[in-house]
1. Return the residues of segment A:1-15 that are open to solvent by less than 40 Å² (accessible area, probe 1.4 Å) and either assigned to a helix (DSSP H, G or I) or touching a strand residue (DSSP E or B) at 6+ places or on another chain (Cβ under 6 Å) (or both); say none if nothing qualifies.
2. If you check residue A:41 against the conditions, is it near RNA strand B (Cβ under 10 Å from one of its atoms), among the aliphatic types (A, V, I, L, M), assigned by TED's automatic domain parsing to the domain that holds residue A:91 and part of a helix (DSSP H, G or I)?
3. Consider residue A:260 carefully, then state whether it is farther than 22 Å from residue A:351 by Cα and polar (S, T, N, Q).
4. Quick check on segment A:361-400: of everything there that is part of a loop (DSSP other than H, G, I, E, B) and within 16 Å of RNA strand B (Cβ to nearest atom), which residue is surrounded by the most Cβ atoms within 10 Å (Cβ to Cβ)?
5. Which residue pairs have Cβ atoms under 6 Å apart, sit 6 or more places apart or on different chains, and have a first residue in segment A:1-30 that is assigned by TED's automatic domain parsing to the domain that holds residue A:96 and a second that is of a type in the set (Asp, Glu) and open to solvent by 60 Å² or more (accessible area, probe 1.4 Å)?
6. Please find, among A:157, A:262, A:167, A:208, the residue that is buried (at least 16 other Cβ atoms within 10 Å of the Cβ) and assigned by TED's automatic domain parsing to the domain that holds residue A:410.
7. From A:83, A:90, A:78, which residue is in the same structural domain as residue A:15 (by TED's automatic domain parsing) and either under 29 Å from the mean Cα position of the chain (by Cα) or open to solvent by less than 50 Å² (accessible area, probe 1.4 Å) (or both)?
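The values are calculated or read from the model by the stated rules, or taken from the named source; none is laboratory data. Source: prediction; values computed, not measured. Every residue, glycine among them, receives a Cβ derived from its backbone with ideal geometry; neighbour counts consider all protein chains shown. Surface accessibility is based on the protein's heavy atoms, side chains included, excluding ligands, DNA and RNA. Shrake-Rupley method; radii C 1.70, N 1.55, O 1.52, S 1.80 Å.
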Amino acid sequence: MIDLKAVRENPEAVRASQRARGEDESVVDALLSADERRRAAISRADALRGEQKLFGKQVGRAKGEEREALLAKGKELAAEVKAAEAEQHAAEAELTELHRAIPNVVHPDAPEGGEDDYVVLKHVGEPREFDFEPLDHLDLGVKLGAIDMERGAKVSGSRFYFLTGIGAQLELALLNMAASLATENGFTLMITPTLVRPEIMAGTGFLGQHASEVYRLRDDDLYLVGTSEVPLAGYHADEILDGERRYAGWSSCYRREAGSYGKDTRGIIRVHQFNKVEMFSYVRPEDAEAEHARLLGWEEEMLGRVEVPYRVIDTAAGDLGTSAARKFDCEAWVPSQRAYRELTSTSNCTTFQARRLNIRYRDENGKPQTVATLNGTLATTRWIVAILENHQMGDGSVRVPAALRPYLGGREVLEPISR
RNA sequence: GGAGGGUUGGCCGAGCGGCUCAAGGCACCGCCUUGCUAAGGCGGAAUCGGUUCAUCCGAACGCGGGUUCGAAUCCCGCACCCUCCA
C-alpha cells in the first residue's frame, strides 16, 4: 500500500505515477474522498464513544430511581454508538479496498510507458562472433545429456523439463556460486517454504493484476510462490526490526505463464518451475536507493563470473510490478536469438510491501517506522541458457567459465555424451 | 479424521463484568548512587487512529458477531499455534 499521508500532502505525485504506468489517475481522488469520509466517521464515533464511557461511570455510582433513568438514557447512547461504529467500519472498508488497489508510486526517474519503453543504461561485454553456426541451448543441452524436455512433458506437461546429469550439476554449481557470493557479502542464506498463506501472497503484491500468474491450491487455501521474495517478505511480517536485514533465498519457483501461449516454447527459457537464488533486503527507506544500486552490483558480479555479455535496462513504469517503484533488469546476450534476454531483475519496493505486511523498524527516537524492501536475482535455471550458448565451442562442447569450475569439481569443459 | 490446551504491549506474564485509562518483570531512554566492572535507586516512554504548535480524545487483550448502561473478563462462530490419539 502506498503512504496515505503522502497522498494527502501531494496527490499530484500519485496521479503522475498512475499516468506513467498508463493507469487510471481518477482513483487518487476517489481515495482522497474515501479518506475524508473515513476520518469524519472516526471523529463522530470517537466523540460518541467518549460520551458513552463517561456515562457508564455515572451508572456505576448511581442508585435507585436515578439509576433507572440513567440506564434508559444509556440504552439510547449505546444504539447511537453502534450506528456510528457501523458507519466507521463501512468507511474504513471502502478506503482499504481503494487503497489496496493502487500500485506503488513509481520513482520519478523511471521511464514512462510500457514494456518497450525501457532505457538501456549500459552494455557490458561484446556479443561473441562465431566462426560456426551456433546451436541453441536445447540442442546443446540434448547433446550434453543435460536437458530432457520430452520426458518433462510426458510427466508434467508442456513447459516442464528434467535437468539430467551434467545439467543438474551445472544448475547446482550455479546456484551454489550465487549462494557463496551472497554469504560472502553478508546475506543470510535461507531455504524457504514455497507454499504460502493468502495474506502473505497478497502482502507482497502478487495477487493484483498478475494474480493469474500464481498457482493456487484451492483445497488448502495456499499459493505456490513464483519467487522466494514472497516468503522472505513474509518472514518478518508483523514485526518490528532493530536493524537492516539481508537474506538470500534459495527456492523452487512456480509460474503459470498464463497468456504466454506460443512464446518461448523451446527449451528452458520460459518454464512453469525453476530454481532461483534471490536477494532480499530490509532497509530504512532513506537507504533504499543505495541498496538498490548494491543489489544491481551483486547481480552484475554474478554475470561477470559466468562471462556472458549483457546489458542493464531501467524498466518503464508500465512494466513494473504492483509493488515496485523502480526496477533494473540485466539481460544476457542469447546468440541463437540474437537478442538480450532477462537473467536478473532487481526491484525497489520502497515501503509498499512492508506497509501491507506490517514490517517496521525503530528510528533513533524509538518510534516504529515502516521499512523498505528490495529484491534481486542472483541466479536462476534460465542462466544455463546463456552459459551454454555463449560458451559453446563448435563441436557441441561447452567451456565452463573459470569462476564456476570450483563448483563443478574443477571441470573446464562439458563434453557431448556419446551415443 | 478425533480429543484436549492455548492466543494479553518489543518479549515474558497477571488479570476471568465497573479501583485495568492492562499489574509486575525483562529489554529501552533519562537522572542519581557506588572509584572501574557488576549492581542498585528514582523517573519516563512504549501499539494503532483522529486531532493539535505543545495537547487532547478514541481504539486495541487472535479475528468476527452477540449479551450488557458497561466486556480482556460471559455467550456463539471462525482462524492460527501446541500436545496427544488414529
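1. Those that are open to solvent by less than 40 Å² (accessible area, probe 1.4 Å) and either assigned to a helix (DSSP H, G or I) or touching a strand residue (DSSP E or B) at 6+ places or on another chain (Cβ under 6 Å) (or both): A:4, A:7, A:11, A:14.
2. Here the answer is yes, as residue A:41 does meet what is asked.
3. Details: farther than 22 Å from residue A:351 by Cα: yes; polar (S, T, N, Q): yes.
Judged against the criteria, residue A:260 is a match.
4. A:371
5. Note: pairs meeting the criteria are A:15/A:25; A:18/A:25; A:19/A:25; A:20/A:112.
6. Exactly one of A:157, A:262, A:167, A:208 is buried (at least 16 other Cβ atoms within 10 Å of the Cβ) and assigned by TED's automatic domain parsing to the domain that holds residue A:410, namely A:167.
7. Values: A:83 fails: either under 29 Å from the mean Cα position of the chain (by Cα) or open to solvent by less than 50 Å² (accessible area, probe 1.4 Å) (or both); A:90 fails: either under 29 Å from the mean Cα position of the chain (by Cα) or open to solvent by less than 50 Å² (accessible area, probe 1.4 Å) (or both).
Unique residue meeting the criteria: A:78.
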